[in-house]
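Student: Just dropping this structure here.
Read the figures in this text as sums done on the coordinates, not as results from a lab. This is a predicted model, so every value here is computed, not measured.
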Amino acid sequence: MKTLFFKNGIAAAAVVAAITGAFATSSQNASKSFAPRVGFTLNAQGECNMAVACDDNPSLFICRVGTSGPIAYGKNPQGQCVESLWRPQ
């Protein structure tokens, strides 16, 4: 009798843990807001110059001018182009 109760209790606890984990993960993803961002390429002097449409939602492809041009970076609060941006979906 104790063994049967123990087996059923473990199974029920595993189901509860799985459901709780699923809801916790989806709520974390929903709280992050991603938006289109303007990226900039760096010129020979290291200054941000040419604006490019980018996104701050991580994807497989980094933001570039065209598909294989220079990489575009987002500006940090100090105005330096150092933030990674991604190609818009």
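Student: List the residues, sorted by chain then number, that are 5 or more residues from residue 62 or on another chain and whose placed amide H is less than 5 Å from its amide H.
Tutor: Hits under the 5 Å cutoff: 87.
Student: For residue 37, what residues show an amide H to amide H distance below 5 Å, using hydrogens built from the backbone and excluding near sequence neighbours?
Tutor: Long-range HN contacts for residue 37: 54, 55, 56.
Student: Give the relative contact order (percent, whole number) for segment 36-84; include only Cα pairs under 8 Å separated by 6+ residues. Don't jump to the answer; show the numbers that get you there.
Tutor: On the way: 86 pairs, mean separation 17.6, N = 49.
Across segment 36-84, relative contact order equals 36 percent.
Student: So who's got an amide H within less than 5 Å of the one on residue 73, skipping anything under 5 residues away but keeping other chains? H placed 1.01 Å off N, in plane.
Tutor: It is 40, 41, by chain and number.
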